[in-house]
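The values are calculated or read from the model by the stated rules, or taken from the named source; none is laboratory data. Owing to the predicted nature of the structure, the values given are computational and were not obtained by experimental measurement. Cβ coordinates were reconstructed from backbone atoms using ideal geometry, including for glycine residues, and neighbour counts include every protein chain displayed. Note: areas computed on protein heavy atoms with side chains; ligands, DNA, RNA excluded. Shrake-Rupley method; radii C 1.70, N 1.55, O 1.52, S 1.80 Å.
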Amino acid sequence: MNILYLNTTYQCGGAEKVTSQLFHGMKKRGHQVSQIVSYDMRGSGLPADVHVIYDSQAMRIFNRLITKNHGNENLKIWYSRQYIASFIKKHAVDVIHLNNPHDNFLGILDIPYLAGLRPMVWTLHDFWAMTGHCTYPYGCEERWKRGCFACECLGNYPALRKDVAAKLYQAKQKAFTGGQITFTVPSKWMQEQFAMSALKGQPCKCIYNSLDTESFRPLDKQKVRRQYQIDFPGKILGFIAADPEKKLKGMDLLLKALTLIPDPEHYLLLVAGRENHTFDRLGTKYQIRHLGYLTTQKELNEFYAMADVLVNPSVYETFGLTNIEAMACGTPVIAFPVCTMPELVDEASGWIASEVSADALAQTIQSACSDGNILRKKGAFSREKAEDCFSEERMLDQFEELYQKITGREQV
């Protein structure tokens, strides 16, 4: 089967990791695969068969020109549409798998146009398809379900300069319904949100995000800590976020929670992500090690393995890939009772705070770290759950079956 993957960029966050897993996983299974992305800012060598539309500074300026300086309100982005349509025809693509199309990659009407050329699977990693403009309707709990009239969250990514959210909402409802597109979502919670959106009634299947449980695995904690020259007798709390300063990542709640915990000398905070000085607010009360932005699976595996527990204070997540990465490494997770968190982190494999607050988070951290035996037991259960529910092979099987079904190649 000839599969084309579409995503805004090749390397960034969770959606990019999943797209890359599918791209490389289906290739190993013998399928012909290609990927088209809008841009690649890292400048690192891309795998063969990954194509960048706006592949230079001049082309990125060109993209700004044709999208009204990234106005995020485009119904059509003609150059992207033409590039992808020509590729589909030239390379005899059998199925299109769309992931993130926003950030001025594809216009709203470009998506049904491409779905008319070949069968399309669209994995919704966020809410963009269901809202007037934003990927996360944080601060707008109900309005996105009713039409995004008088949007009060224009700054939510991708931001709008003027309030045309209702117009875009209606355009999406018309463009994305009608049965041309088969949707998938990464969690049952997300499937529930889909059923309350303007897209309700469209085909939608829950396929969990995954990871390679051979690459993310339990390691000898003490050995890895010595490798990183960490000699600490207390408990190590892990915190990771590509951009820790994003409000949705809950770093402010974590910082406040840490100030509420007595005996801070008993904890070391291990941080991974973009460098910042926000944790300096803790002064000298806590030992802090910042490992910076980790780029390899080996580094990520070692980061999770060193921590006694991963603290994920996110207040809005459609999945939470860092949770299952930590779990696969035998590190239990602390999270808030929001979105998919209770779906991924159950009582056997971690802790869910009683509410979204610094007080509740502080109490949960203290409780989790009070008994080393329970930490180890929950770590073992975490690993088992990651293997049972979130293995890469399971995800690949489900998508392969879906591709076969929508292209009429389903085995009887």
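Restricted to the range 187-200, and to residues that are open to solvent by 30 Å² or more (accessible area, probe 1.4 Å) and touching a residue at least 24 places away in the same chain (Cβ under 8 Å), which residue is farthest from Asp397 (Cα to Cα)?
By that ranking, first place goes to Met196.
Mind checking which residues of the range 200-217 are closer than 17 Å to Pro332 by Cβ and touching a Phe, Trp or Tyr at 6+ places or on another chain (Cβ under 9 Å)?
Answer for the range 200-217, where residues must be closer than 17 Å to Pro332 by Cβ and touching a Phe, Trp or Tyr at 6+ places or on another chain (Cβ under 9 Å): Leu211, Thr213, Phe216.
Wholly within the range 1-117, which strands (runs of 3 or more DSSP E) include no fewer than the required count, namely at least 2 residues that are open to solvent by 20 Å² or more (accessible area, probe 1.4 Å) and under 28 Å from Tyr293 (Cβ atoms)?
50-52
How about the range 193-217: which of its residues are closer than 23 Å to Thr19 by Cα and not in a loop (DSSP other than H, G, I, E, B)?
Gln193, Phe194, Cys204, Lys205, Cys206, Leu211
Going through the range 298-354 one residue at a time, which ones are farther than 17 Å from Arg225 by Cβ and polar (S, T, N, Q)?
Within the range 298-354, Asn312, Ser314, Thr318, Thr322, Asn323, Thr340, Ser349, Ser354 qualify.
Go through (1) in contact (Cβ under 8 Å) with a residue 60 or more places away in the chain; (2) at positive phi and name the single condition Gly30 misses.
Against the list (1) in contact (Cβ under 8 Å) with a residue 60 or more places away in the chain; (2) at positive phi, Gly30 comes up short only on (1).
Residue-wise test of (1) at pLDDT below 90; (2) over 16 Å from the mean Cα position of the chain (by Cα); (3) open to solvent by less than 70 Å² (accessible area, probe 1.4 Å).
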| residue | (1), (2), (3) |
| --- | --- |
| Met120 | no, yes, yes |
| Cys134 | no, no, yes |
| Pro137 | yes, no, yes |
| Glu141 | yes, yes, no |
| Glu152 | yes, yes, no |
| Arg161 | no, yes, no |
| Gly179 | yes, yes, yes |
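Restricting the range 135-164 to residues that are touching a helix residue (DSSP H, G or I) at 6+ places or on another chain (Cβ under 7 Å) and part of a loop (DSSP other than H, G, I, E, B), which is nearest to Phe183 (Cα to Cα)?
Among them, the one singled out is Thr135.
Any residue in the range 341-352 that is within 22 Å of Ala257 (Cα to Cα), in contact with a Pro (Cβ under 7 Å, 6 or more places away or on another chain), among the hydrophobic types (A, V, I, L, M, F, W, C) and open to solvent by 50 Å² or more (accessible area, probe 1.4 Å)?
There is at least one residue in the range 341-352 that is within 22 Å of Ala257 (Cα to Cα), in contact with a Pro (Cβ under 7 Å, 6 or more places away or on another chain), among the hydrophobic types (A, V, I, L, M, F, W, C) and open to solvent by 50 Å² or more (accessible area, probe 1.4 Å).
Does the range 273-287 contain any residue that is surrounded by fewer than 18 Cβ atoms within 10 Å (Cβ to Cβ) and modelled with pLDDT of 85 or more?
The answer is yes, given that some residue of the range 273-287 is surrounded by fewer than 18 Cβ atoms within 10 Å (Cβ to Cβ) and modelled with pLDDT of 85 or more.
Identify all residues within the range 368-412 that are open to solvent by less than 40 Å² (accessible area, probe 1.4 Å) and of a type in the set (A, V, I, L, M, F, W, C); write none if there are none.
Residues satisfying the conditions are Ala368, Cys369, Leu375, Ala386, Phe390, Met395, Leu396, Phe399, Leu402.
Residues are listed down the side, and each one gets a yes or a no for (1) under 30 Å from Glu393 (Cβ atoms); (2) of a type in the set (D, E, K, R); (3) in contact with a Gly (Cβ under 9 Å, 6 or more places away or on another chain); (4) surrounded by 14 or more Cβ atoms within 10 Å (Cβ to Cβ):
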| position | (1), (2), (3), (4) |
| --- | --- |
| Lys145 | no, yes, no, yes |
| Gly155 | no, no, no, no |
| Ala166 | no, no, yes, yes |
| Val185 | yes, no, no, yes |
| Gln202 | yes, no, yes, yes |
| Ser215 | yes, no, no, yes |
| Lys223 | yes, yes, no, no |
| Lys235 | no, yes, yes, yes |
| Phe239 | yes, no, yes, yes |
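Can you name the condition, by its number, that Phe399 falls short on among (1) over 18 Å from the mean Cα position of the chain (by Cα); (2) on the phi < 0 side of the Ramachandran plot?
Looking at each condition in turn, Phe399 falls short on (1).
Residue under question is Ile230, and the condition is that it be of a type in the set (Val, Ile, Thr), touching a residue at least 40 places away in the same chain (Cβ under 8 Å) and closer than 26 Å to Ala380 by Cβ; does it hold?
yes
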